[in-house]
Amino acid sequence: MKKRGQAWGFDLMVASVIFITGIIIFFLYSLNYPTETQENLNALFYQGNRIANDLLSEGYPPGWNTTNVVKIGILSNEEINQTKLEMFNQLDYTNTKYLFNTRYDYFINFSEPIIIDENEIQFIGLRSAETQSIIKVSRIVAYKNKSTVLNIHIWED
């Protein structure tokens, strides 16, 4: 009879250790989850602002084209340069992600219609799919002597 009581006590100790370990793992996961989400949003905002800063520069080299571009920039004399905008639109999306040094997907649109080669451009980049985390960075810029808003949407697949 004593052996049964001892075996039952040992089973209770093992079950208690497993249960407590499960509770600890659950709490560690739930405490760290919100910080991971905040870190992802911070990274998206950082990348969105970097892309906006790059775009709203003259680029490199200053007279860049689709074959020698190192840094994409669409401004000349503090205004959107139509030629640079057309070249940016012609670049391969994967190549632009490489040039922006980002792993995130993006698309760019303007508040005013952008006409390139007699075609109205709705956006540059990829249209966002259904995703949990998408951010939008907006900047005001001059285009054809008028103020327009440049919107950059960036997200992670």
Options 117, 157; residue that is at positive phi, at pLDDT below 90, acidic (Asp, Glu) and out of contact with any strand residue (DSSP E or B) (no Cβ under 6 Å at 6 or more places or on another chain): 117
Selection count, the stretch 69-116, where residues are touching a residue at least 12 places away in the same chain (Cβ under 8 Å), of a type outside the set (S, T, N, Q) and part of a helix (DSSP H, G or I): 8
Boolean, residue 74 is buried (at least 18 other Cβ atoms within 10 Å of the Cβ) and over 18 Å from residue 50 (Cβ atoms): no
Members of the stretch 12-64 found to be outside any helix (DSSP H, G or I) and surrounded by 10 or more Cβ atoms within 10 Å (Cβ to Cβ), listed by number: 56, 57, 58, 59, 60, 61, 63, 64
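Within the stretch 129-145, which residues are polar (S, T, N, Q) and part of a strand (DSSP E or B)?
138
The values are calculated or read from the model by the stated rules, or taken from the named source; none is laboratory data. Quantities reported herein were computed from a predicted structural model and do not represent experimental measurements. Note that each Cβ is placed from the backbone with ideal geometry, even for glycine, and that neighbours are counted across all protein chains shown.
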